[in-house]
Amino acid sequence: MFLAIDAGNSNVVFALYDEVGENWKNHFRIETHAAKFAAQLHKKVPMYFLEHEISPSDIKQIGFSSVVPEINEQILQFCENFFRTQPYLISPASFGKLPVKTLRPNEIGTDLMCNAMAAFSQYEKAIVVVDFGTALTFTVVNEVGEIIGVNIVPGLKTALNSLFKNTSKLPEVDLKMPESALGQNTVHAIQAGILYGYTGLVKGMLEAIENETKQKFHVIATGGLSAVLTPLAEVFEEIDRNLTLEGLRLITKANS
């Protein structure tokens, strides 16, 4: 089996790819900035493998993408000790062998390269990947596999948490799409403002990209909150929550 480790700003995601069945399974995560991250790593990963009756020796290859460099060494050492396998850490040096190209490999996040790699490898056409994570990102790939631009804005939860933490009377609310854009109470008002607002943001950004490039793009959404903005269902050709993981796997394989 292939183990993908995707270290993001909010969570470190672990996922197993069954190379016989060719599918992703067994996802679990650890909070990136937990006070005792190392302790959680050494506790939760072995426990998960034990509970699911998976032997560490079943893991034949590990791919590792990280946008949080301060935890990289902890994860690398843990994998070498627990799995007896050295992970492949994706870096700018990984990008030279890929069908996807970027002008500034030292500046683009490996998670965005994973998204672009998976999407372009599957469709081989002009694509925008909209990733709903801690940040909301738009990665724009042209028809020959060149990343021609990236846009980054605060993610849905990031915006909501900022609103809650910086105001004295507004409550925390669930990210649930309300039926109306007209708030009838405080909770409804926040939900309408954030969720209808971000729906308009995504549509406006995609429109601006297509107007500037004068071409149509295949739009794919990914990330844990990709299905929250239900009015965008007609905008996305596909919602693929495993897109980053698949790109991570493909980049690791390309560099094996």
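The values are calculated or read from the model by the stated rules, or taken from the named source; none is laboratory data. Since the model is a prediction, treat every value here as computed from it, not as a measurement. Heads up, the Cβs are rebuilt from the backbone with ideal geometry, glycines too, and the neighbour counts pull from every protein chain shown.
Just to verify a result, which residue in region 215-234, among those that are over 19 Å from the mean Cα position of the chain (by Cα) and not in a helix (DSSP H, G or I), is surrounded by the most Cβ atoms within 10 Å (Cβ to Cβ)? Among those residues, the one meeting the criterion is Phe217.
Of all residues in region 81-99, those satisfying the criterion of being of a type in the set (A, V, I, L, M, F, W, C) and surrounded by 14 or more Cβ atoms within 10 Å (Cβ to Cβ) are Phe82, Phe83, Leu89, Ile90, Phe95, Leu98. Just one residue in the set Glu212, Glu238, Glu172 is under 27 Å from Phe28 (Cβ atoms), among the acidic types (Asp, Glu), more than 21 Å from the chain's Cα centre (by Cα) and surrounded by fewer than 19 Cβ atoms within 10 Å (Cβ to Cβ); that residue is Glu172.
Residues in region 181-239 that are in contact with a Gly (Cβ under 6 Å, 6 or more places away or on another chain) and at negative phi: Ala189, Ala192. Contact annotation: no residue pair with Cβ atoms under 7 Å, 6 or more positions apart or on different chains, pairs a residue in region 233-256 that is without any contact (Cβ under 8 Å) to a residue 12 or more places away in the chain with a partner that is crowded, with 22+ Cβ neighbours inside 10 Å. Gly183 meets the conditions (1) in contact with a helix residue (DSSP H, G or I) (Cβ under 8 Å, 6 or more places away or on another chain); (2) closer than 23 Å to Val130 by Cα in every case but one. The failed one is (2). Residue count for region 4-48, restricted to those that are of a type in the set (Gly, Ala, Ser) and modelled with pLDDT of 95 or more: 3. The condition of being in contact with an Asp or Glu (Cβ under 8 Å, 6 or more places away or on another chain), hydroxyl-bearing (Ser, Thr, Tyr) and without any contact (Cβ under 8 Å) to a residue 60 or more places away in the chain does not hold for Thr158.
To keep it simple, each residue is scored yes or no on (1) in the same structural domain as Thr139 (by TED's automatic domain parsing); (2) among the polar types (S, T, N, Q); (3) within 19 Å of Lys157 (Cα to Cα); (4) touching a Cys at 6+ places or on another chain (Cβ under 9 Å).
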site: Pro171; (1), (2), (3), (4): yes, no, yes, no
site: Met177; (1), (2), (3), (4): yes, no, yes, no
site: Gln191; (1), (2), (3), (4): yes, yes, yes, no
site: Ile194; (1), (2), (3), (4): yes, no, yes, no
site: Lys216; (1), (2), (3), (4): yes, no, no, no
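Conditions tested, residue by residue: (1) in the same structural domain as Leu201 (by TED's automatic domain parsing); (2) modelled with pLDDT under 95.
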residue	(1), (2)
Val68	no, yes
Asn81	no, no
Met117	yes, no
Ala126	yes, no
Leu136	yes, no
Val150	yes, no
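Selection within region 43-80: residues that are under 22 Å from Asp18 (Cα atoms) and among the acidic types (Asp, Glu). The member of this set that is surrounded by the fewest Cβ atoms within 10 Å (Cβ to Cβ) is Glu53. Here is a list: Lys216, Lys169, Lys165, Lys253. Which entry is more than 22 Å from Val150 (Cβ to Cβ) and at pLDDT 95 or above? Exactly one of Lys216, Lys169, Lys165, Lys253 is more than 22 Å from Val150 (Cβ to Cβ) and at pLDDT 95 or above, namely Lys253.
When restricted to residues that are touching a residue at least 60 places away in the same chain (Cβ under 8 Å), part of a strand (DSSP E or B) and surrounded by 17 or more Cβ atoms within 10 Å (Cβ to Cβ), region 105-153 contains 10.
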